[in-house]
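Working notes for the structure below.
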Amino acid sequence: MSNHIPRKRFGQNFLQDASVIAGIVHAVNPQPDDIVIEIGPGLGAITKPLLARLKHLHVVEIDRDIIERLKAEHPADKLTIHAGDALAFDFASVSQQPLKIVGNLPYNISTPLLFHLASYGNRVLDMHFMLQKEVIERMVAEPSTADYGRLSVMLQYRFYMENILFVPPEAFWPPPKVDSAVVRMIPAPGRCGVARDEAMLEKLVIQAFAQRRKTLRNNLKGLVDVADLDALGIDPGLRPENLPVEDYVRLANHLSDKGIQS
Ligand code: SAM
């Protein structure tokens, strides 16, 4: 397929299934003037069909060999290559226009990358990502299910999310050991209320889910009193997974109202 030797440390599993590639491009639905950023273009499985539909494309890539390859294959007026780590990349620096972000993400950094990307919610039109299937199941999980956790709360606070495509290991070269899927994320500010101090919401959610088997009363000790929970009509005997996103937001705002600093 290519003389590039896939690098495990960069999570390199290259898409080779034409129907999956077409499915992703169809879902992204790029229009010629859209500002699109692809994370981890690799050997170009998604990059090339995106370029065929766009006037210009931005990519963020860490692997120097792949960067050289991309430079040789595509003129700079079509493709802007941002060489470096997507975890440290300032996505807002690309354009003032709303962004479409897409990528078959390196699975070894998917959770920190999703948290990094979440902070650009107000600059984004939509995002489409290939991820390990289990990660997407956690992102879209409903309360009171085993998959519902910190990732679900913090991402559902900012986005509507939908699991749109199942992708088996054979769709890649080399095949990963896990199943994959594609998620669509559309910013939805305020859908579960607005946290006046988002750092407080983050702190609260981290502490609440520190031990899934314990009750809110136990996990939130030191930050939230039983009286705070009572005031909001939240049963202190619930487990963290039982609380909907709206209640985490209400609780964070209650703490802010009490003057507690994040
Ligand atoms: N998009 C290609 C495809 O679908 O075949 C490649 C996908 S591969 C799973 C992940 C890509 O992300 C690789 O090109 C890898 O070099 C790149 N990558 C890995 N870590 C990265 C990072 N921290 N920042 C930017 N790109 C990264």
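Values quoted throughout were computed directly from the atomic coordinates according to the rules given, and no laboratory measurement underlies them. Note that this is a predicted model, so its numbers are computed, not measured. Reconstructed Cβ throughout: ideal geometry from the backbone, glycine too, with neighbour counts over all protein chains shown.
Pairs of Cα atoms in the range 54-170 fall into 10 Å distance bins, from 0 up to the last occupied one, in shares of 11, 40, 34, 12, 2, 0 percent.
Simple rule: put +1 on each Lys or Arg Cβ and -1 on each Asp or Glu Cβ in the chain, find the dipole, and look at H4, N253, L201; the Cα lying farthest toward the positive end is H4. In terms of distances greater than 27 angstrom between alpha carbons, the cross-link table entries K214/K258; K55/K133; K78/K100; K100/K177; K177/K214 yield K55/K133; K100/K177; K177/K214.
Shown in residue order for the range 46-62 are the 3J(HN,Hα) couplings computed by the Karplus curve 6.51 cos²θ - 1.76 cosθ + 1.60 at θ = phi - 60°: 9, 4, 5, x, 5, 4, 5, 9, 10, 6, 8, 9, 9, 10, 10, 9, 9 Hz (x for Gly and Pro). Taken one residue at a time, the phi angles of the range 124-139 give Karplus couplings (6.51, -1.76, 1.60, θ = phi - 60°) of 10, 7, 7, 9, 10, 9, 8, 9, 4, 3, 5, 5, 5, 4, 6, 5 Hz. Gly and Pro are set to x. Given axes a ≥ b ≥ c from the Cα gyration tensor, I'd like to know whether the range 175-258 is rounded (a/c under 1.5), prolate (a/b larger than b/c) or oblate. In terms of gyration-tensor shape, oblate.
So, R0 is 30 Å and r is the distance between the beta-carbons of F10 and A210; what FRET efficiency does that work out to, to 0.05? Calculated transfer efficiency: 0.45.
With a 10 Å cut-off between alpha carbons and a GNM built on the chain, which of G40, G233, G149 moves the most? Greatest mean-square fluctuation among the candidates belongs to G233. When the chain is described by a simple charge dipole with +1 on each Lys and Arg Cβ and -1 on each Asp and Glu Cβ, the residue from S119, M161, G40 located farthest towards its positive end is G40. The per residue volume of the convex hull around the alpha-carbon atoms of the chain is 129 Å³.
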